[in-house]
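Structure record follows, encoded as C-alpha cells.
The values are calculated or read from the model by the stated rules, or taken from the named source; none is laboratory data. Remember, predicted model here, so these are calculated numbers, not experimental data. Quick reminder, even Gly has a Cβ in these numbers, built from the backbone with ideal geometry, and neighbours come from all protein chains shown.
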Amino acid sequence: MREDPRDVLLRKELQQIVNRDWNPLGLANPDNKYEGYMPGIQRMLPSGKAKLAWYLFQLEKLSFRLPGDRNRCERAAEKLVAHMMS
C-alpha cells in the first residue's frame with residue numbers, strides 16, 4: 001500500500017521542526033538522527049503542547065540521558081502543534 005503523499009510531506013515538515021527547534025544533542029546537521037522518535041512525537045501531537053513538551057523533555061532525560069531543557073521542549077512543542085493546526 002502506498003503512503004499518502006500528504007502524510008509523507010507532513011512527516012518531513014515535522015522532522016525539519018524537530019531537527020531545527022528541538023535537536024537536544026545540538027548537532028550541526030542532525031539529518032535523520034531523531035527519525036526513530038517521530039512516530040511517538042506524532043502520536044503525542046493531538047494531546048497538545050503541554051503534553052508534547054513533557055514527552056520531549058522525558059526523551060531528553062531518559063533516551064539521551066541529558067539533564068533536559070524545558071524551555072527548548074516547550075518551544076519545539078509549540079511549533080510542532082502550531083504546524084499541525086495550520
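Summary table
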item	result
Qualifying residue in region 33-55 (condition: within 25 Å of residue 85 (Cβ to Cβ), in contact with a Leu (Cβ under 6 Å, 6 or more places away or on another chain) and in contact (Cβ under 8 Å) with a residue 60 or more places away in the chain)	no
From the options 11, 20, 72, 65, residue that is of a type outside the set (A, V, I, L, M, F, W, C) and modelled with pLDDT under 95	11
Conditions (1) modelled with pLDDT of 95 or more; (2) closer than 21 Å to residue 9 by Cβ; (3) among the polar types (S, T, N, Q); number of the one not met by residue 47	(2)
Residue tally, condition surrounded by 13 or more Cβ atoms within 10 Å (Cβ to Cβ) and not in a helix (DSSP H, G or I), over region 17-58	5
Cβ pairs under 9 Å, 6+ apart, first in region 58-74 and on the phi > 0 side of the Ramachandran plot, second assigned to a helix (DSSP H, G or I)	68/56; 68/57; 68/58; 68/59; 68/60; 68/61
Residues satisfying the stated conditions in region 1-37, i.e. in contact with a His (Cβ under 9 Å, 6 or more places away or on another chain) and within 19 Å of residue 73 (Cα to Cα)	13, 14, 17
Residue that is farthest from the chain's Cα centre (by Cα), among those in region 41-86 that are within 21 Å of residue 6 (Cβ to Cβ) and small (Gly, Ala, Ser)	86
